[in-house]
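The values are calculated or read from the model by the stated rules, or taken from the named source; none is laboratory data. None of these values were measured; they are calculated from a predicted model. With ideal geometry, Cβ positions are generated from the backbone for all residues, glycine too; neighbour counts draw on all protein chains shown.
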């Protein structure tokens, strides 16, 4: 059978048409867009821990803690608000979590409540404060110096941990985050309050369709 060669112009036109069809087909398979939303909006597109989860967990646990009897009992006995120090939140989950950012949310909730005095347990903050006091000892007027023995000691230490549990089936991932928080009396070492808060997230993996 005889074959006839196609002209180069026809070949180029055919290649161009095939390229356009390929691009249009790929565009129909996936799309990408970005929009700005409120900080209170839950994205719902990931089963991973988010900043919104951290804020909601801190808000819920601190509100629960400040409603319990340990706070009222202390005020009745001592006639003042307790001094609270925020310790570590240990990450025992299966992913990286910025625990410093998480602690900041707990700190914000404690300060906004107005029900406790708050002192820092952050080593960097303590180091900066110590450096400032040392500077004052050498350079500030004696009447304005804050000496090293004038710091406020904490009555209670808040500390806790975060764990995660994962289940996968088909295209669905269910991830549970469980945060535990407890208040420790620094005089007696007694745990005066403890609670937990769970965040459950479900993510679906869908295949691309044309």
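Here is a yes/no grid of residues against (1) at pLDDT 90 or above; (2) within 16 Å of residue 53 (Cβ to Cβ):
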site	(1), (2)
93	yes, yes
100	no, yes
105	yes, yes
108	yes, yes
120	no, no
127	no, no
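Taking interchain pairs and intrachain pairs at least six residues apart, which have beta carbon atoms under 7 angstrom, with the first residue in segment 45-68 and under 15 Å from residue 109 (Cβ atoms) and the second part of a loop (DSSP other than H, G, I, E, B) and modelled with pLDDT of 90 or more? Between residues of segment 45-68 that are under 15 Å from residue 109 (Cβ atoms) and residues that are part of a loop (DSSP other than H, G, I, E, B) and modelled with pLDDT of 90 or more, the close pairs are 66/115. Is it true that some residue in segment 149-162 is exposed (fewer than 13 other Cβ atoms within 10 Å of the Cβ), at pLDDT below 90 and closer than 30 Å to residue 50 by Cβ? No, segment 149-162 has no match at all.
Within this structure, residue 201 passes the test of being in contact with a strand residue (DSSP E or B) (Cβ under 9 Å, 6 or more places away or on another chain), crowded, with 16+ Cβ neighbours inside 10 Å and modelled with pLDDT under 90.
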